[in-house]
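Have a look at the structure below, then the notes.
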Amino acid sequence: MKAAVLESYNHFVWKDVETPKVKPDEVLVRIQFASICGTDMHIFPGDFHPRSPVPFIPGHEMGGVVAEVGNGVSGFNPGDKVAVDPIIWCGECPACKRKHYPACTSLKLLGVDMNGGFAEYISVPPHMLFKTAPHIPDQHVALVEIYGIGFHANNRAQTAEGDIIAIWGAGRVGQVILQAARTKTTGTIFMVDPLENRLQIAVGNYDNVIPVNPKKENPVEVIRKHTGGKGVDIAFEAVGHAEEIEGVNTPVRSCIQSLRGGGKVCVLGLGDEPAPIVFKELIWKEGQIITSRVSDGEFTEVIDHLNAGNLKPDALISKVMPGSETQQAFELLQKEKGKYLKVLLDFS
């Protein structure tokens, strides 16, 4: 089979590799599309070394069709359209024993810790596969994993009907938080991002979304104005590596300042820099800070909404490129990262 192999950091090679042999307890999936994630963009230059050693095949957001079913596997047939959940829990650590799987201390992912989906085929155990309806476009199936992150964040924050929400960061993760939130609340959603094109994606696809560019106006002041000084029920931080903007506090502190009394901040951003906050601002409101990592069974929830037409995956897809051009795709995202949301790789 053909695969995009990261032979050395910053260097993909499109080459022939051995097609996985299907074990009795596995399913061979013919990958149709895989999506480039922010994590992949860090793996590419070596930021994840030694966790992601080269050479290997990245790719943890993927979808395809069942090509072959191992002996003893039931519930899947060749031709079934499936999304692949890349997460592998250890099952033995204290978090896993409490069934809090995203907090697994030995969590691993296909395409991060081992070969993944930037290839024509992958063989995985059946519990990592989730069927989608036949009418769902193959490109959309590759987005189930990132949608799972958005739904998991909303489930961690317990988003409910009527909740007013603010989302710092209108990139890939911020957009799926928005789309997931819209299946749970019709309340106002504030989107905060210095990139106008990302804000326009949000307001162009959903009603009752207020865009806020922190380079033009203070997000906390805008939120207080529109909520009569009360603030939001939930504020999500999906920025990660934040750009310093004069006169505007860090995203996490701004999230706290935007809360109503008793509100929640849900932090997803994986920035390496310290994020200064003033805890008395949180204590006065008796607010909560929670975190969210990967997903935890939300694939089924995502697929139900995709099947019902409740999500807008085309709003996330900026460009589709053949798998043979994986190197060019990564270089494009490095040079113009603010221009694109999801770039899909076509392995069909």
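Laboratory data are not the source of any read-out in this text; all were calculated from the coordinates shown. A quick note: this is a predicted structure, and the numbers were derived from the prediction, not measured. With ideal geometry, Cβ positions are generated from the backbone for all residues, glycine too; neighbour counts draw on all protein chains shown.
Helix 196-205 sits at what angle to the longest principal axis of the chain, using alpha carbons and giving 0 to 90 degrees rounded to 10? Approximately 80 degrees, to the nearest ten. The angle between the Cα long axis of helix 299-308 and the main principal axis of the chain comes to about 80°, on a 0 to 90 degree scale. Taking a straight Cα-Cα cut-off under 16 Å and skipping sequence neighbours fewer than 8 places away in the same chain, the aspartates and glutamates within cross-link reach of Lys23 are Glu68.
So what's the net charge close to Gly70: Lys and Arg +1, Asp and Glu -1, counting the other residues with Cβ under 9 Å from its Cβ? List each step's numbers first, then the result.
Working: positive: Lys23; negative: Asp25, Glu26, Glu68.
That sum, taken over residues with Cβ under 9 Å, equals -2.
Under a no-solvent Debye model with one identical scatterer per Cα of the chain, what's log10 I(q)/I(0) at q = 0.14 Å⁻¹? Cα-only, vacuum Debye calculation for the chain: -1.15.
In terms of the Cα gyration tensor, with a ≥ b ≥ c the square roots of its eigenvalues, is segment 249-347 rounded because a/c is under 1.5, prolate because a/b exceeds b/c, or oblate? In terms of gyration-tensor shape, oblate. When the Cα gyration tensor is reduced to axis lengths a ≥ b ≥ c, the ratio a/c is 1.5 or higher for segment 33-97, and with a/b not above b/c it is classed as oblate.
Using the Cα gyration tensor of segment 150-291, with a ≥ b ≥ c the square roots of its eigenvalues, what is the shape: rounded (a/c below 1.5), prolate (a/b larger than b/c) or oblate (neither)? Taking the square roots of the gyration eigenvalues as a ≥ b ≥ c, segment 150-291 is rounded. Here the 3J(HN,Hα) profile of segment 88-99, calculated from phi with Karplus coefficients 6.51, -1.76 and 1.60 at θ = phi - 60°, is 10, 8, 7, x, 10, 6, x, 5, 5, 5, 8, 6 Hz, Gly and Pro shown as x.
Counting only DSSP beta bridges with both residues in the chain, tell me the antiparallel percent, nearest 5.
Working: 32 of 59 bridges.
Antiparallel bridges: around 55 percent, rounded to the nearest 5.
Computed over the chain, relative contact order equals 18 percent, with contacts defined as Cα pairs under 8 Å that lie 6+ residues apart.
Straight-line cross-link partners of Lys337 among the lysines, defined as a Cα under 29 Å from its Cα and at least 8 positions apart when in the same chain: Lys2, Lys15, Lys108, Lys215, Lys216, Lys312, Lys319. Close amide H contacts of Tyr340 (hydrogens built in the peptide plane, cut-off under 5 Å, sequence separation of 5 or more or a different chain): none are found. Remark: the Val203-Glu325 segment gains 40.7 nm on full extension, using 0.36 nm per residue and subtracting the alpha carbon distance. Between Lys21 and His49, the simple label model (points 7 Å from Cα in the Cβ direction) yields a spacing of 3.3 nm. Excluding same-chain neighbours fewer than eight residues apart, the lysines reachable from Lys285 by a Cα-Cα span under 25 Å are Lys184, Lys225, Lys230, Lys264.
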